[in-house]
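Participant: Input: one structure, supplied below.
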Amino acid sequence: SQQGEEDPQALSIQEGENATMNCSYKTSINNLQWYRQNSGRGLVHLILIRSNEREKHSGRLRVTLDTSKKSSSLLITASRAADTASYFCATGLSGTYKYIFGTGTRLKVLA
Amino acid sequence: DTEVTQTPKHLVMGMTNKKSLKCEQHMGHRAMYWYKQKAKKPPELMFVYSYEKLSINESVPSRFSPECPNSSLLNLHLHALQPEDSALYLCASSQAPRGVGYLFFGEGSRLTVL
(Lines give C-alpha, C1' and ligand atoms only; values in the text may rest on other atoms or scores of the structure.)
Protein backbone atom coordinates (compact mmCIF):
# COMPACT_ATOMS: atom_id res chain seq x y z
CA SER A 1 0.00 0.00 0.00
CA GLN A 2 1.19 3.52 -0.77
CA GLN A 3 -0.71 4.90 2.17
CA GLY A 4 1.18 7.01 4.66
CA GLU A 5 1.09 6.51 8.39
CA GLU A 6 0.27 9.19 10.92
CA ASP A 7 0.82 9.26 14.63
CA PRO A 8 -0.62 9.61 17.06
CA GLN A 9 -3.94 8.13 15.93
CA ALA A 10 -5.68 10.25 18.54
CA LEU A 11 -4.60 13.22 20.63
CA SER A 12 -6.41 14.98 23.46
CA ILE A 13 -5.05 18.28 24.80
CA GLN A 14 -6.17 21.32 26.76
CA GLU A 15 -6.97 24.62 25.10
CA GLY A 16 -3.86 26.75 24.76
CA GLU A 17 -1.50 23.78 24.46
CA ASN A 18 0.36 22.89 21.28
CA ALA A 19 -0.55 19.84 19.18
CA THR A 20 1.99 17.94 17.08
CA MET A 21 1.13 15.30 14.51
CA ASN A 22 3.55 13.25 12.46
CA CYS A 23 3.26 11.75 9.01
CA SER A 24 5.45 9.22 7.25
CA TYR A 25 5.14 8.33 3.60
CA LYS A 26 6.60 5.78 1.22
CA THR A 27 7.09 7.17 -2.28
CA SER A 28 8.72 10.03 -4.14
CA ILE A 29 6.60 13.17 -3.85
CA ASN A 30 6.05 16.58 -5.44
CA ASN A 31 4.67 18.00 -2.24
CA LEU A 32 3.01 17.13 1.04
CA GLN A 33 -0.22 18.68 2.16
CA TRP A 34 -2.21 18.76 5.36
CA TYR A 35 -5.99 18.70 5.47
CA ARG A 36 -8.54 19.07 8.21
CA GLN A 37 -11.89 17.27 8.39
CA ASN A 38 -14.67 18.09 10.80
CA SER A 39 -16.80 15.10 11.66
CA GLY A 40 -18.53 13.70 8.57
CA ARG A 41 -17.74 16.73 6.44
CA GLY A 42 -15.49 17.41 3.46
CA LEU A 43 -11.77 17.98 3.83
CA VAL A 44 -10.28 21.46 3.84
CA HIS A 45 -6.69 22.08 2.81
CA LEU A 46 -4.53 23.76 5.43
CA ILE A 47 -1.00 24.04 4.13
CA LEU A 48 1.22 22.67 1.36
CA ILE A 49 4.97 22.16 1.52
CA ARG A 50 6.97 21.43 -1.60
CA SER A 51 9.59 18.69 -1.73
CA ASN A 52 12.40 21.27 -1.88
CA GLU A 53 11.16 23.11 1.24
CA ARG A 54 11.99 22.16 4.82
CA GLU A 55 9.64 24.32 6.85
CA LYS A 56 6.58 26.43 6.28
CA HIS A 57 4.36 28.59 8.49
CA SER A 58 0.78 29.74 8.14
CA GLY A 59 -0.81 31.50 11.09
CA ARG A 60 -0.77 29.03 14.02
CA LEU A 61 0.39 26.19 11.77
CA ARG A 62 3.98 25.07 11.28
CA VAL A 63 4.88 22.24 8.93
CA THR A 64 8.25 20.57 8.52
CA LEU A 65 9.34 18.14 5.83
CA ASP A 66 12.29 15.75 5.87
CA THR A 67 12.49 14.04 2.49
CA SER A 68 15.48 11.91 3.55
CA LYS A 69 13.33 10.34 6.28
CA LYS A 70 10.11 10.58 4.25
CA SER A 71 8.38 12.31 7.13
CA SER A 72 6.53 15.50 7.99
CA SER A 73 5.10 17.07 11.10
CA LEU A 74 2.26 19.52 11.68
CA LEU A 75 2.36 21.75 14.74
CA ILE A 76 -0.73 23.69 15.81
CA THR A 77 0.19 26.29 18.41
CA ALA A 78 -2.11 27.74 21.07
CA SER A 79 -4.88 25.29 20.22
CA ARG A 80 -8.55 26.17 20.51
CA ALA A 81 -11.65 24.02 21.01
CA ALA A 82 -12.56 24.84 17.39
CA ASP A 83 -9.40 22.98 16.25
CA THR A 84 -11.09 19.71 17.24
CA ALA A 85 -11.12 17.67 14.02
CA SER A 86 -9.30 14.92 12.14
CA TYR A 87 -6.08 15.92 10.41
CA PHE A 88 -4.70 14.10 7.38
CA CYS A 89 -1.47 14.42 5.50
CA ALA A 90 -1.57 13.79 1.76
CA THR A 91 1.20 13.29 -0.72
CA GLY A 92 1.11 14.34 -4.34
CA LEU A 93 2.98 11.58 -6.15
CA SER A 94 5.56 12.70 -8.68
CA GLY A 95 4.37 12.56 -12.30
CA THR A 96 0.80 11.56 -11.47
CA TYR A 97 -2.53 13.03 -10.45
CA LYS A 98 -2.56 10.78 -7.39
CA TYR A 99 -2.96 12.21 -3.93
CA ILE A 100 -2.63 9.56 -1.23
CA PHE A 101 -3.84 10.25 2.29
CA GLY A 102 -2.25 9.20 5.55
CA THR A 103 -4.16 7.36 8.24
CA GLY A 104 -5.09 10.56 10.10
CA THR A 105 -4.89 11.98 13.61
CA ARG A 106 -8.07 12.69 15.57
CA LEU A 107 -7.45 15.81 17.66
CA LYS A 108 -9.65 16.77 20.57
CA VAL A 109 -9.06 20.13 22.24
CA LEU A 110 -10.71 20.44 25.62
CA ALA A 111 -12.02 23.84 26.72
CA ASP B 1 -16.31 30.66 -6.65
CA THR B 2 -14.09 28.24 -4.75
CA GLU B 3 -16.71 25.58 -4.13
CA VAL B 4 -17.15 21.98 -5.08
CA THR B 5 -20.83 21.10 -4.84
CA GLN B 6 -22.01 17.53 -4.33
CA THR B 7 -25.54 16.22 -4.54
CA PRO B 8 -27.31 14.56 -2.92
CA LYS B 9 -25.96 15.02 0.61
CA HIS B 10 -27.57 11.75 1.72
CA LEU B 11 -28.67 8.75 -0.31
CA VAL B 12 -30.27 5.50 0.78
CA MET B 13 -30.59 2.79 -1.82
CA GLY B 14 -31.36 -0.87 -2.12
CA MET B 15 -28.97 -3.35 -3.65
CA THR B 16 -30.96 -3.48 -6.89
CA ASN B 17 -31.33 0.27 -7.36
CA LYS B 18 -29.53 2.50 -9.84
CA LYS B 19 -28.60 5.95 -8.60
CA SER B 20 -26.05 8.65 -9.34
CA LEU B 21 -23.91 11.03 -7.34
CA LYS B 22 -23.15 14.41 -8.86
CA CYS B 23 -20.30 16.84 -8.43
CA GLU B 24 -19.83 20.32 -9.89
CA GLN B 25 -17.05 22.90 -9.76
CA HIS B 26 -16.63 26.23 -11.52
CA MET B 27 -13.02 26.96 -10.65
CA GLY B 28 -11.71 25.93 -14.06
CA HIS B 29 -9.97 22.92 -12.54
CA ARG B 30 -9.12 20.25 -15.09
CA ALA B 31 -8.60 17.33 -12.71
CA MET B 32 -11.51 15.83 -10.78
CA TYR B 33 -11.51 13.00 -8.30
CA TRP B 34 -13.77 10.54 -6.51
CA TYR B 35 -12.71 9.33 -3.08
CA LYS B 36 -14.48 6.85 -0.78
CA GLN B 37 -14.21 7.26 2.96
CA LYS B 38 -15.31 4.84 5.66
CA ALA B 39 -15.77 5.96 9.26
CA LYS B 40 -12.52 6.79 11.06
CA LYS B 41 -10.48 5.96 7.94
CA PRO B 42 -8.68 8.16 5.43
CA PRO B 43 -10.17 8.91 2.01
CA GLU B 44 -9.34 6.21 -0.55
CA LEU B 45 -8.82 7.23 -4.15
CA MET B 46 -11.28 5.68 -6.61
CA PHE B 47 -11.05 7.59 -9.90
CA VAL B 48 -9.27 10.57 -11.41
CA TYR B 49 -10.34 12.45 -14.53
CA SER B 50 -7.93 14.84 -16.17
CA TYR B 51 -9.12 17.00 -19.06
CA GLU B 52 -12.36 14.99 -19.08
CA LYS B 53 -10.55 11.72 -19.64
CA LEU B 54 -10.32 8.90 -17.11
CA SER B 55 -6.67 8.79 -16.10
CA ILE B 56 -6.74 6.69 -12.93
CA ASN B 57 -9.03 3.84 -11.90
CA GLU B 58 -7.88 2.30 -8.64
CA SER B 59 -9.28 -1.15 -9.47
CA VAL B 60 -12.77 -0.09 -8.45
CA PRO B 61 -15.57 -2.67 -8.97
CA SER B 62 -17.64 -2.11 -12.11
CA ARG B 63 -20.75 -1.47 -10.04
CA PHE B 64 -19.25 2.04 -9.71
CA SER B 65 -19.18 3.84 -13.06
CA PRO B 66 -17.70 7.34 -13.32
CA GLU B 67 -18.57 9.86 -15.99
CA CYS B 68 -17.21 13.30 -16.78
CA PRO B 69 -19.65 15.01 -19.20
CA ASN B 70 -17.67 18.27 -19.26
CA SER B 71 -14.89 20.07 -17.42
CA SER B 72 -17.24 21.23 -14.62
CA LEU B 73 -19.20 18.07 -13.92
CA LEU B 74 -18.39 14.66 -12.55
CA ASN B 75 -20.86 11.87 -11.94
CA LEU B 76 -20.61 8.53 -10.20
CA HIS B 77 -23.23 6.03 -11.34
CA LEU B 78 -24.12 3.34 -8.83
CA HIS B 79 -25.69 -0.01 -9.66
CA ALA B 80 -26.14 -3.27 -7.74
CA LEU B 81 -24.19 -2.01 -4.75
CA GLN B 82 -23.44 -4.02 -1.65
CA PRO B 83 -24.00 -2.98 1.99
CA GLU B 84 -20.22 -2.69 2.42
CA ASP B 85 -20.27 0.12 -0.17
CA SER B 86 -21.97 2.34 2.40
CA ALA B 87 -19.59 5.24 2.97
CA LEU B 88 -19.00 8.96 2.48
CA TYR B 89 -18.20 9.64 -1.18
CA LEU B 90 -16.09 12.72 -1.68
CA CYS B 91 -15.53 14.63 -4.89
CA ALA B 92 -12.49 16.85 -5.28
CA SER B 93 -10.85 18.97 -7.94
CA SER B 94 -7.41 20.41 -8.48
CA GLN B 95 -5.97 23.09 -10.71
CA ALA B 96 -2.34 22.34 -11.28
CA PRO B 97 -1.42 19.30 -13.30
CA ARG B 98 0.07 16.11 -11.98
CA GLY B 99 -0.09 16.29 -8.22
CA VAL B 100 1.32 19.77 -7.74
CA GLY B 101 -1.56 21.72 -6.17
CA TYR B 102 -4.23 21.45 -3.52
CA LEU B 103 -7.35 19.36 -3.65
CA PHE B 104 -10.61 21.21 -3.16
CA PHE B 105 -13.25 18.92 -1.67
CA GLY B 106 -17.01 18.93 -1.65
CA GLU B 107 -18.95 18.15 1.52
CA GLY B 108 -19.56 14.60 0.38
CA SER B 109 -22.51 12.35 -0.32
CA ARG B 110 -23.26 9.91 2.48
CA LEU B 111 -24.45 6.67 0.93
CA THR B 112 -26.29 3.92 2.78
CA VAL B 113 -26.91 0.64 0.95
CA LEU B 114 -29.62 -1.54 2.46
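The values are calculated or read from the model by the stated rules, or taken from the named source; none is laboratory data. This is a predicted model, so every value here is computed, not measured. Note that we place each Cβ from the backbone using ideal geometry, even for glycine, and neighbour counts take in every protein chain shown. Surface areas here come from the heavy atoms of the whole protein model, side chains and all, with no ligands, DNA or RNA. Shrake-Rupley method; radii C 1.70, N 1.55, O 1.52, S 1.80 Å.
Participant: Just to be sure, is residue B:73 more than 13 Å from chain A (Cβ to nearest Cβ), open to solvent by less than 70 Å² (accessible area, probe 1.4 Å), out of contact with any Lys or Arg (no Cβ under 8 Å at 6 or more places or on another chain) and in contact (Cβ under 8 Å) with a residue 40 or more places away in the chain?
Facilitator: Numbers: more than 13 Å from chain A (Cβ to nearest Cβ): yes; open to solvent by less than 70 Å² (accessible area, probe 1.4 Å): yes; out of contact with any Lys or Arg (no Cβ under 8 Å at 6 or more places or on another chain): no; in contact (Cβ under 8 Å) with a residue 40 or more places away in the chain: yes.
For residue B:73, the condition - more than 13 Å from chain A (Cβ to nearest Cβ), open to solvent by less than 70 Å² (accessible area, probe 1.4 Å), out of contact with any Lys or Arg (no Cβ under 8 Å at 6 or more places or on another chain) and in contact (Cβ under 8 Å) with a residue 40 or more places away in the chain - is not met.
Participant: Within the stretch B:50-64, track down each residue that is assigned to a strand (DSSP E or B) and either of a type in the set (Asp, Glu) or within 17 Å of residue B:84 (Cα to Cα) (or both). Let's see the steps before the verdict.
Facilitator: Restricting attention to the stretch B:50-64, the residues satisfying the condition of being assigned to a strand (DSSP E or B) are B:50, B:53-57, B:64.
Matches in the stretch B:50-64: B:64 only.
Participant: Residues B:53, B:40: which one is within 12 Å of chain A (Cβ to nearest Cβ) and under 19 Å from residue A:97 (Cβ atoms)? If you could, list the steps in order and put the result at the bottom.
Facilitator: On the way: B:40 fails: under 19 Å from residue A:97 (Cβ atoms).
The conditions single out B:53.
Participant: Which pairs turn up if I take residues in the stretch B:83-102 that are more than 8 Å from chain A (Cβ to nearest Cβ) and surrounded by fewer than 23 Cβ atoms within 10 Å (Cβ to Cβ) and look for partners that are in a strand (DSSP E or B) and modelled with pLDDT under 95 with beta carbon separation below 8 Å, at least 6 apart in sequence or on another chain?
Facilitator: B:95/B:31
Participant: From the residues in the stretch A:83-104 that are open to solvent by 30 Å² or more (accessible area, probe 1.4 Å) and of a type in the set (Val, Ile, Thr), which one is farthest from the other protein chains (Cβ to nearest Cβ)?
Facilitator: The first filter runs over the stretch A:83-104 and keeps only residues open to solvent by 30 Å² or more (accessible area, probe 1.4 Å), leaving A:84, A:94-96, A:98, A:103.
Filter once more, so that each one left must be of a type in the set (Val, Ile, Thr): A:84, A:96, A:103.
Numbers: A:84: 15, A:96: 6, A:103: 6 Å.
Among residues in the stretch A:83-104 that are open to solvent by 30 Å² or more (accessible area, probe 1.4 Å) and of a type in the set (Val, Ile, Thr), the one farthest from the other protein chains (Cβ to nearest Cβ) is A:84.
Participant: Could you check, for the stretch A:64-74, whether at least one of its residues is open to solvent by less than 30 Å² (accessible area, probe 1.4 Å), within 14 Å of chain B (Cβ to nearest Cβ) and in contact with a Cys (Cβ under 9 Å, 6 or more places away or on another chain)? Full working, then the answer.
Facilitator: Initially, the stretch A:64-74 is screened for residues open to solvent by less than 30 Å² (accessible area, probe 1.4 Å), giving A:65, A:72-74.
Remaining after also requiring within 14 Å of chain B (Cβ to nearest Cβ): none.
No, because not a single residue in the stretch A:64-74 is open to solvent by less than 30 Å² (accessible area, probe 1.4 Å), within 14 Å of chain B (Cβ to nearest Cβ) and in contact with a Cys (Cβ under 9 Å, 6 or more places away or on another chain).
Participant: In addition: Among all residue pairs at least 6 apart or on different chains, which show Cβ distances below 6 Å where the first residue, located in the stretch A:40-59, is free of Cβ contacts under 8 Å to residues at least 12 places away in the same chain and the second is charged (D, E, K, R) and open to solvent by 40 Å² or more (accessible area, probe 1.4 Å)?
Facilitator: These pairs meet every condition: A:41/B:107; A:42/B:107; A:44/A:36.
Participant: Condition first: of a type in the set (D, E, K, R), over 11 Å from the mean Cα position of the chain (by Cα) and either crowded, with 17+ Cβ neighbours inside 10 Å or closer than 28 Å to residue A:95 by Cα (or both). Now tell me which residues in the stretch B:2-37 satisfy that.
Facilitator: Residues of the stretch B:2-37 of a type in the set (D, E, K, R): B:3, B:9, B:18-19, B:22, B:24, B:30, B:36.
Cutting the leftovers down to over 11 Å from the mean Cα position of the chain (by Cα) gives us B:3, B:9, B:18-19, B:30.
Answer for the stretch B:2-37, where residues must be of a type in the set (D, E, K, R), over 11 Å from the mean Cα position of the chain (by Cα) and either crowded, with 17+ Cβ neighbours inside 10 Å or closer than 28 Å to residue A:95 by Cα (or both): B:3, B:19, B:30.
Participant: Would you mind stating whether residue A:36 is part of a loop (DSSP other than H, G, I, E, B) and closer than 26 Å to residue B:91 by Cα?
Facilitator: Working: part of a loop (DSSP other than H, G, I, E, B): no; closer than 26 Å to residue B:91 by Cα: yes.
Judged against the criteria, residue A:36 is not a match.
Participant: Only one of (1) surrounded by 14 or more Cβ atoms within 10 Å (Cβ to Cβ); (2) more than 11 Å from chain B (Cβ to nearest Cβ) fails for residue A:12. Which number is that?
Facilitator: For residue A:12, the failing item is (1).
Participant: Follow-up question, since we're still on this one. Which condition number does residue B:65 fail, the rest of (1) open to solvent by 40 Å² or more (accessible area, probe 1.4 Å); (2) at pLDDT below 95 being met?
Facilitator: (2)
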